[in-house]
1. How far apart, in nanometres, would the label points at Arg41 and Arg69 be if each is projected 7 angstrom from Cα along the Cα-to-Cβ direction?
2. At what distance in nm do the modelled label points of Glu48 and Met139 sit from each other, each positioned 7 Å from its Cα along Cα→Cβ?
3. Based on the alpha-carbon gyration tensor of region 46-118 and its eigenvalue square roots a ≥ b ≥ c, which shape applies: rounded if a/c is under 1.5, prolate if not and a/b is larger than b/c, or oblate?
4. Neighbour counts of other C-beta atoms within 10 Å: give me Lys79, Lys129 arranged from fewest to most.
5. By count of other Cβ within 10 Å, fewest leading, how are Met139, Met252 ordered?
6. Ranking Ile192, Ile107 by Cβ neighbours within 10 Å, fewest first, what do you get?
7. First measure r as the distance between the Cβ atoms of Ile119 and Val189, then evaluate 1/(1 + (r/R0)^6) with R0 = 41 Å and state the FRET efficiency to the nearest 0.05.
Amino acid sequence: MKTATGGGGMSGLKNVSQRRDDALSRVGWAELEHLLVAYYRDVGWWVEHAGTGGTGARFDGGVDLRIRRGAEFVLVQCKHWNVKQVTHNAVHELLGRMVNEGATGAILVSSGEFTRAAIGAAQRHGHVKLIDGDMLRTMLGPLPEPPPSVHARAPAGSAPAHPPVATTHANRWRWLVALFCAVAFAFIVRVILERTADTAVEPPPETAHPSIPPTVVYAPQPVDAAPAAKPPPRPQTEAEIRESQRKADEAMRLIEDDTPAL
C-alpha cells in the first residue's frame with residue numbers, strides 16, 4: 001500500500017483532475033486495506049492480508065491482498081493516492097508479481113485516478129484490472145467519518161505521530177482474541193479435570209488378608225491327681241467259696257445241657 005498526498009518526491013507525477021475530500025480520502029492507508037479485506041470476504045473470496053496494514057512489516061512486496069475463489073488466484077495492490085495519479089509503472093510491477101506467483105489475475109486499486117498510460121498498459125496486457133476512486137467508492141459504499149484525530153494531516157514527508165487507527169484497532173483485537181483463547185483454554189482444562197475426578201474409579205477397599213489361624217500354644221496341662229488306691233480285696237469265707245463253686249458248677253451244667261452232643 002502506498003499513500004500519496006502531495007509534495008515531496010511526488011512532484012514528477014501528474015495531479016488528479018478532481019481532488020476529493022470525503023470519508024474515504026481521510027482514512028489511513030492501513031484502514032483502506034482492512035476495508036478491502038472485508039469487502040472481498042463479503043463477496044465470497046478467501047483473503048490473505050499480506051500488506052503492511054495486516055502484517056505490520058515495513059514493506060509489502062508489491063502485494064497487499066491475495067484472494068482466492070475456486071480456481072481463481074488474484075493479487076491486489078492498493079494505492080491510497082488522493083493527489084497524484086497512479087502511473088503505468090504500478091501496472092507493470094503488478095504484472096511481474098502476478099507472473100512470479102503464478103496468479104490468474106491482478107487488481108490495482110486507487111482511491112484517486114490512473115494516468116492514461118496506466119489505463120493503456122492494463123488494457124494492452126489484459127490481466128490487470130484497474131479500480132479507480134469512483135469504482136472504489138461504489139464498491140465500499142458510504143463510509144463513516146474517521147475519528148477527529150485522523151483529520152489532522154502531518155506535514156509532507158513527516159512521520160505520523162501516532163500509529164494508524166486501523167493498526168491500533170487490529171492490535172487491540174489480537175490481544176482480546178489471545179486473552180479470550182487463554183481463558184477458554186483454562187476453562188476447558190478445569191472442566192476436564194473436574195469430570196475426570198468425578199468419574200474416577202475409587203480403589204476397592206483394602207482386601208483383608210486371609211485370617212491366619214492363631215498359633216495354639218499348648219500349655220502343659222496339670223496332671224490329675226492319681227486315683228485313690230482301692231482297698232485290698234477282703235478274703236472270702238469258706239461259705240462264700242462253696243457258694244461260688246456251686247454257681248460255677250451250675251453254670252457248667254447249663255452249658256452242657258444246651259450244647260448238643262457231637
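Every read-out reported here was derived from the displayed coordinates using simple, explicitly stated rules and does not represent laboratory data. Predicted model only: the values in this text are computed from it and were never measured. Quick reminder, even Gly has a Cβ in these numbers, built from the backbone with ideal geometry, and neighbours come from all protein chains shown.
1. According to this spin-label approximation, the distance is 1.6 nm.
2. 1.9 nm
3. Numbers: a/c = 1.88, a/b = 1.31, b/c = 1.43.
Oblate, because a/c is 1.5 or more while a/b does not exceed b/c.
4. Result, fewest neighbours first: Lys129, Lys79.
5. Details: Met139 14, Met252 10.
By the 10 Å Cβ count, ascending, the order reads Met252, Met139.
6. With the fewest neighbours first, Ile192, Ile107 line up as Ile192, Ile107.
7. FRET efficiency, Ile119 to Val189: 0.10.
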